[in-house]
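What follows is a short report on a single structure.
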Amino acid sequence: MVENIKKQMNRIVGDSPTIRKVFQLVDKAANSDSTVMIFGESGTGKELIARSLHENSDRSSRTFVAVNCGAIPHDLLESELFGYEKGSFTGAVNARVGRLELAHEGTIFLDEIGDMPPALQVKLLRVLSEREIDRIGGSKAIPINIRVIAATNVNIEESIKQGKFREDLFYRLNIIPVHMPPLRERKTDIPLLVNYFLRRFNEQKNKSFKAVDPEAMSILIDYEWPGNIRELQNFVERMVVLGSGEVLTRRDLPEKVLNGAEPWAPLEEEVPDESPAEMIRRSFQTASPFPAFGGIPEEGINLKQVVEDFEREILEEALERTGWVKNKAATLLGLNRTTLVEKLKKMKISRDA
């Protein structure tokens, strides 16, 4: 069932354990009318989750209305949500239907709910309990049938302690909590996201990049992504627009990403045209610390220990030759950087050892 919901949520890319838990939760909650509260940092895809909940529900044929409570000035937010009657205030020359009313029989998504002013929180609480609204200047209540999904990037419980958010409203909204993991906690999804955005921007920008090379991808995986998926999307778009050739490389990465990356080769100079296999062959043609195999002694050997000792010497030699630059040492050995790092941790090899 998770696979089915993932296919339906085709705009949400990922296969890490953390995002699969979100898929499972959406699968279970989609057809319920229970209120959902989505927690997560900016750029983690909270609105995509809200839309997926709507699109996989019985309300999917009805309207999905999104309101960013933090982007609309507080003095205008009430009229945006509840609407108003003609003549209810200066400038109200015609009646206007509010967003809550527009979402009738559908879903309303209240993004950045933590920025909603206290006076409006009281009115929203009444909407949730009574399922009706009052337009500004109106004299009668209007019944509405909506599903409410809210989202926030702030610590609501801390806001409650500070008196900025109503505790009773929080309990009304937080029936089904969904926690969106930041991108730094789902590193295995980064290659999937990069390739997804690469295909998308190739089509949009009429480009034909085939891939991101392993070194550049390793740097992207190591970056912490404070702006999460939105930041990654913007970076891939920039690389597609400004890049050249068929494969995007380290040279195409934004400076912000490169600032935290380990050095590889000077960006202003050409990298030698040499494959990893040629590099390692040339490297070990020089004087080697590894003795030639002289046969098994009569008393026998501990094969596991001999292989481990030999592997340790190779790893340490590669690191010494590359100045302990893990990206370069991994290429010298024909390994992925993450594989090399795992081996170093397992064998407790460090520069200070």
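Do we find that SER139 is touching a residue at least 60 places away in the same chain (Cβ under 8 Å) and farther than 18 Å from ALA151 by Cα in this structure?
On the way: touching a residue at least 60 places away in the same chain (Cβ under 8 Å): no; farther than 18 Å from ALA151 by Cα: yes.
No.
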**Request:** Quick one: which residue in ARG230, ARG238, ARG199 is touching a helix residue (DSSP H, G or I) at 6+ places or on another chain (Cβ under 9 Å), part of a helix (DSSP H, G or I) and within 27 Å of ARG51 (Cβ to Cβ)?
**Result:** ARG238
**Item:** Residue ranges of helices (runs of 4 or more DSSP H) in the range 60-135 with at least 3 members modelled with pLDDT under 95, out of contact with any helix residue (DSSP H, G or I) (no Cβ under 6 Å at 6 or more places or on another chain) and in the same structural domain as GLN162 (by TED's automatic domain parsing)
**Value:** 74-82, 118-130
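Determine whether GLU158 is of a type in the set (D, E, K, R) and assigned to a helix (DSSP H, G or I).
Working: of a type in the set (D, E, K, R): yes; assigned to a helix (DSSP H, G or I): yes.
Answer is yes for this residue.
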**Item:** Selection status of ILE190, surrounded by fewer than 19 Cβ atoms within 10 Å (Cβ to Cβ) and of a type in the set (Val, Ile, Thr)
**Value:** no
**Message:** Suppose we filter the range 171-196 for residues that are in a helix (DSSP H, G or I) and either among the aliphatic types (A, V, I, L, M) or in contact (Cβ under 8 Å) with a residue 24 or more places away in the chain (or both); how many remain?
**Reply:** 14
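Which residues, counting only those in the range 135-152, are surrounded by fewer than 20 Cβ atoms within 10 Å (Cβ to Cβ) and touching a strand residue (DSSP E or B) at 6+ places or on another chain (Cβ under 8 Å)? Give the steps one after another, and end with the answer.
Residues of the range 135-152 surrounded by fewer than 20 Cβ atoms within 10 Å (Cβ to Cβ): 136-145.
Scanning the range 135-152 gives ILE136, GLY137, GLY138, ALA141, ILE142, PRO143, ILE144.
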**Request:** Report yes if some residue within the range 22-34 is modelled with pLDDT of 95 or more and over 16 Å from ALA151 (Cα atoms); otherwise report no.
**Result:** no
**Prompt:** Residue check: is ALA151 at pLDDT 95 or above and not in a loop (DSSP other than H, G, I, E, B)?
**Reply:** yes
**Complete:** For the range 136-148 the number of residues that are in contact with a helix residue (DSSP H, G or I) (Cβ under 8 Å, 6 or more places away or on another chain), closer than 28 Å to MET180 by Cα and assigned to a loop (DSSP other than H, G, I, E, B) is 1
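The values are calculated or read from the model by the stated rules, or taken from the named source; none is laboratory data. None of the values given here were measured: they were computed from a predicted structure. Neighbour counts run over all protein chains shown; Cβ positions are idealised from the backbone, glycine included.
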